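Nothing in this text is a laboratory measurement; each read-out follows from the coordinates by a stated rule. These numbers come from a predicted model, not from an experiment. Heads up, the Cβs are rebuilt from the backbone with ideal geometry, glycines too, and the neighbour counts pull from every protein chain shown.
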Amino acid sequence: MLFVPGNNPGMMSDAHIYGSDALMFDLEDSVTLREKDAARLLVYHALKTIHYGECERVVRVNPLSTPFGKLDIEAMVAAGAEVIRLPKTETAQDILDTEAEIERAEQKYGIPVGQTRMMAAVEGALGVVNAYKIASASPRLVAIALGAEDYCANLKTSRSLEGSELQYARGAIVVAARAAGIDCIDTVFSDVNNEEQLVKETRMIKQLGFDGKSVINPRQIKPVHRVFTPTHEEIVKAQRILAASEEAAARGSGVVALDGKMIDRPVVIRAERTLELAYASRAVFEEDEV
Amino acid sequence: MTRDQAFYSALSALNKPAYVPGENKRLYDKDTSPLKNRMARENKIVESLEKAVELSGLQNGMTISFHHHFRDGDHIVNMVVDTLARMGFRDLRLAPSSLSDVHAPLIQHIKNGVISHIETSGCRGALAKAVSQGLMDQPMIFRSHGGRAAAIEEDEIHIDVAFLGASSCDPFGNANGYSREGEEKSMCGSLGYARVDAQYADNVIVLTDNIVGYPNVPFGISQRLVDYIVCVDDVGDASKIMTGATRFSTNPHDLMIAEATSNVIVHSGYFYDGFSLQTGSGGASLSVTRFLREAMIEKNIHASFALGGITGAMVKLLEEGLVSRLLDVQSFDLDAALSLKNNRFHQQIDANYYANPYRRGAAVNQLDVVVLSALEVDTNFNVNVLTGSDGIIRGAVGGHPDTAAGAALAIVVCPLMRGRMPSVRDHVNTIVTPGDTVDVLVTDQGIAVNPKRPEVAERLEKAHLKVTPIEELARRAERITGKPDPLPFGDKIVGVCTYRDGSVLDLIRNIT
């Protein structure tokens, strides 16, 4: 998910070409108070005008506690944003309040109620403690994300390269997301010139269970994708597992065996996920033989 | 045989004179002084530029030429034309291989009638803007590097006096863009474009700030071609002639284009062990070299040679053994110049060897792949590298049409949009390279293949590289930028853009 400042038309005109899976247009922290209205209009028109291809279009709105929150939500729902991202989420009530605003806007603009989905960003200690309640507050919620900068400030610490201060929050968010059955997205890595550390961090959060990572520069997309893209060996193995599983199902047998070994159900699920990732990352094409 | 009656009657039958010591006054007397003394006494060094001009016999209305290897650091053109103006010359035809920002002072000499015609490959900065606004009575004639070499060879451009700056020169005129004889004050690497002028000009004056011992080998220009040598304080500003290694772009657009271009090359059918290539020096085309390097290592593919303006990136491939030879008509950065100086597999070539359109053996015709930048591309694949989106001259034809016509696969790269202007559109301002010689367009928002090359499109699609019709790319740009307003062109022809053979591709009108 690529962050795109909502006040930068140059970046917005072709943000989709770099191959990120989602674009997050920001009306919140990257836009100064004086430019809030201009950015809202700009993003509204960008969403209405520009064809962003296969990129999912997410907009980070200002919190409802500010004078801009309601206006942002209304404009973005009207513009057809697929996901509204709520910043600094602390409680399930924040989600419900936002949802009510979204629903109001959907009704006003003739958009099927429930079509606009939501993403919650947890950026403080309270949000992390309430992570599961937040993640399960609404069927519109598709993902929960960690915003590390505010979280660290709130925790009275600072960000380190190895990210030990984020271990608990990351773990809590992954567990909450899985318990609620939604996706979880990791925070940004801000040093765009340090690709080596970006790759290290991405490997680590993938291992923790995250579904993806936020990036602030197009140059970060490829390294992150490389970490999440299954290797050729993994793809071949996954295909063999699924073939064995299908064959067992055809025989009406619940027992899957490959190379003389029993294969457990979780292994089959993991193989399915590997292939989903492989197709999504274009590492392999469905019509190709591997 | 003794010189008797029989000897002389035999010579008479052969119609040959007998050798008599001292009789042929065209022969030099044997000089028995040591070389060091002779060198100081008999050489081609003339005490001043004015003297050299007088000796050359330059007249009003004649053609003078220059090279552009000193790029924006060049002091030669302004210095020489200032001198000619002081000496009272008028109505001169200026035929440099190219012009740049630093040549703005020529505006005054055009106004004063010192310069009446200009024939060049490119023009930039204040001079270009003034020409676009109608400064000159006669249109500027633009030629490609290969087109210029052919025009000189066929006497379409007759150079009366060539003023050629050199980073080093010995007292007899062996000149080069570097020197193995010691430290040069300013190095430019190859003198490829100047070599044609030296070969065909009636008079050749070398201007140098670095006289070195005889013989200055290797030389780019042979003493045989040089008439006079003038010592000057500076041939140019070293910091603007050469920068260190050209740096790779970190611009994400450039990187995307470069990576896509590398993928296109790999799957084009022209990526095989022993292939040949040329890449430019612009942001995206330079970065192609980096991505292609990774593909060459991964697939164990080597190039037989790389051609053209050579950059440090290409030198790296030579040094790593991924490219076997470099043919260098112009060295783009210090790494390239140093490699030319030190690596025997890095060969200096002239513009004729590089791109003469009438020679089957010209190096451009041996190219498999060339990657070329563009300012604008139209839906017929015609390319503009000369005039900006404001219609003002701001570029150079260079080797663009030469390499596109010569290479088996010509890939043009440019972003789909630059700021608020579309780069892919229905019509380009000025056609510099005709679309029938361009095979593939790579933009940051998609790849288009010339319908003349369906087999290339097929290979790319087979490799899962999405090919988009060029009209669709133009529409995609227009959806965001809108249709630009027509430019305020006047009726005066200020530029003539010729193809390699001198035929006219397009006319440039004045901007009001």
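Can you tell me the Rg and Dmax of the stretch B:273-357, counting just the alpha carbons, in angstroms?
Here Rg and the maximum Cα pair distance are 12.0, 36 Å.
Tell me, what is the FRET efficiency for A:Gln207 and B:Glu320 to the nearest 0.05, using R0 = 41 angstrom and their Cβ-Cβ distance as r?
The computed FRET efficiency comes out at 0.70.
Please compute one quarter of the surface area of the Cα convex hull for the stretch A:1-122 and express it in square nanometres.
Averaged projected area of the stretch A:1-122's Cα convex hull equals 6.9 nm².
If exposed GluC sites (Glu not before Pro) are those in a DSSP loop with at most 15 other Cβ within 10 Å, what is the longest stretch of chain A that has none?
A:163-285
Quick one: longest stretch of chain B between exposed loop chymotrypsin sites (Phe, Trp or Tyr not before Pro), exposed meaning at most 12 other C-beta atoms within 10 Å and loop per DSSP?
B:29-271
Give or take rounding to whole Å, what are the principal axis extents of the alpha carbon atoms in the stretch B:1-129, in descending order?
That works out to 77, 37, 27 Å along the principal axes.
Could you work out the relative contact order of the stretch B:360-444? I mean the mean sequence separation of Cα pairs under 8 Å and 6+ apart, divided by the number of residues, in percent.
Relative contact order for the stretch B:360-444 comes out at 40 percent.
Apply the Karplus parameterisation 6.51 cos²θ - 1.76 cosθ + 1.60, with θ equal to phi minus 60°, to every residue of the stretch A:6-15 and state each ³J(HN,Hα) to the nearest whole Hz, in sequence, with x for glycine and proline.
Karplus-based 3J(HN,Hα) across the stretch A:6-15 equals x, 10, 10, x, x, 6, 6, 5, 9, 5 Hz.
Take chain A, mark every one of the chymotrypsin sites (Phe, Trp or Tyr not before Pro) that falls in a DSSP loop and has at most 13 other Cβ within 10 Å, then report the longest stretch left between them, sites excluded.
Result, exposed sites excluded: A:110-284.
Taking amide H positions as placed in the peptide plane 1.01 Å from N, state which residues far from A:Ala257 in sequence (5 or more) or on other chains have amide H under 5 Å from it.
A:Ile263
How about the stretch B:25-119: which trypsin sites (Lys or Arg not before Pro) there are in a DSSP loop, with at most 11 other Cβ atoms within 10 Å of their Cβ?
Passing both the DSSP loop test and the Cβ count: B:Lys25, B:Arg26, B:Lys30.
Which order results if B:Asp82, A:Asp264 are arranged by neighbouring Cβ count within 10 Å, fewest first?
By the 10 Å Cβ count, ascending: A:Asp264, B:Asp82.
Write down the radius of gyration of the protein assembly as shown and its Dmax, each obtained from C-alpha positions, in Å.
In Å, with Rg to one decimal and Dmax whole: 33.9, 129.
A 26 angstrom limit on the alpha carbon distance is what I want to check against. Which of A:Lys48/B:Lys452; A:Lys222/B:Lys462; A:Lys70/A:Lys133 exceed it?
A:Lys48/B:Lys452
Mind sorting B:Ile141, A:Ile216 by how few other Cβ atoms lie within 10 Å of their own Cβ, fewest first?
Ranking B:Ile141, A:Ile216 by Cβ neighbours within 10 Å, fewest first, gives A:Ile216, B:Ile141.
Cα centroids of the stretch B:122-165 and the stretch A:86-155: how far apart, whole angstrom?
If we compute the Cα centre of each part, the gap is 65 Å.
For the stretch B:91-139, just the Cα atoms, rotate onto the principal axes and tell me the three extents in Å, largest first.
On the principal axes, the stretch B:91-139 reaches 21, 20, 17 Å in Cα extent.
Which trypsin sites (Lys or Arg not before Pro) from the stretch A:152-184 combine a DSSP loop assignment with at most 10 other Cβ atoms within 10 Å?
Filter output for the stretch A:152-184: A:Lys156.
Which three numbers, in whole Å and largest first, are the semi-axes of the equivalent ellipsoid of the stretch A:203-252 derived from its Cα gyration tensor as √(5λ)?
32, 12, 9
How much length is gained on full extension from B:Lys111 to B:Glu461, taking 0.36 nm per residue of separation minus their Cα-Cα distance?
Fully extending the segment from B:Lys111 to B:Glu461 adds 120.4 nm.
Any idea what the alpha-carbon Rg over 2.2 N^0.38 Å comes to for the stretch B:219-261?
Against the compact-globule rule of thumb, the ratio is 2.12.
Counting only the backbone N, which residues of the stretch A:226-259 are under 13 Å from the spot 7 Å out from the Cα of B:Glu294 toward its beta-carbon?
It comes to A:226-227, nothing else.
Can you compute the equivalent ellipsoid semi-axes for chain A, i.e. the square root of 5 times each eigenvalue of the Cα gyration tensor, sorted largest first and rounded to whole Å?
After scaling each eigenvalue by five and taking roots: 34, 22, 20 Å.
Treating the stretch B:161-241 as a set of equal point scatterers at the Cα positions, no solvent, please give the Debye-formula log₁₀ I(q)/I(0) at q = 0.20, 0.23, 0.24 Å⁻¹.
Per q value, in the given order, log10 I(q)/I(0) is -0.75, -1.01, -1.10.
Would you mind getting the Kirkwood hydrodynamic radius of the stretch A:158-239 from its Cα pairs, rounded to one decimal in Å?
Value: 13.6 Å, from the Cα pair sum.
Where the convex hull is taken over the Cα atoms of the stretch A:178-290, what is its projected area averaged over directions, in nm²?
Seen from a random direction, the Cα hull of the stretch A:178-290 projects 8.9 nm² on average.
For the stretch B:1-67, run through the GluC sites (Glu not before Pro) and keep only the ones in DSSP coil with at most 16 other Cβ atoms within 10 Å of their Cβ.
B:Glu23, B:Glu42, B:Glu47
Sorted from largest down, what three extents in whole angstroms do the Cα atoms of chain B have along their principal axes?
91, 56, 49
Using only alpha carbon positions, build the gyration tensor of the stretch B:290-426, then give the equivalent ellipsoid semi-axes as the square roots of 5 times its eigenvalues, largest first, whole angstrom.
28, 18, 15
With no solvent and one point on each alpha carbon, what is the Debye value of log10 I(q)/I(0) for the stretch A:42-191 at q = 0.10, 0.13, 0.14 Å⁻¹?
Rounded to two decimals, the profile gives -0.35, -0.58, -0.67.
Find how many whole Å separate the alpha carbon centroid of the stretch A:2-73 from the alpha carbon centroid of the stretch B:434-465.
If we compute the Cα centre of each part, the gap is 34 Å.
For the residue pair A:Asp191 and A:Asp264, what label-to-label distance in nm results when each label sits 7 Å from Cα along the Cα-to-beta-carbon direction?
That separation, rounded to one decimal, is 3.9 nm.
Can you give the Rg and Dmax of the stretch B:124-165 based on its C-alpha atoms, in angstrom?
13.0, 32
Pairs of alpha-carbon atoms within less than 8 angstrom and 6+ residues apart define the contacts here; what relative contact order does chain B have, in percent?
With pairs under 8 Å counted, the relative contact order is 15 percent.
If you wrap the stretch A:53-137's Cα atoms in a convex hull and average its projection over all directions, what's the area in nm²?
5.5 nm²
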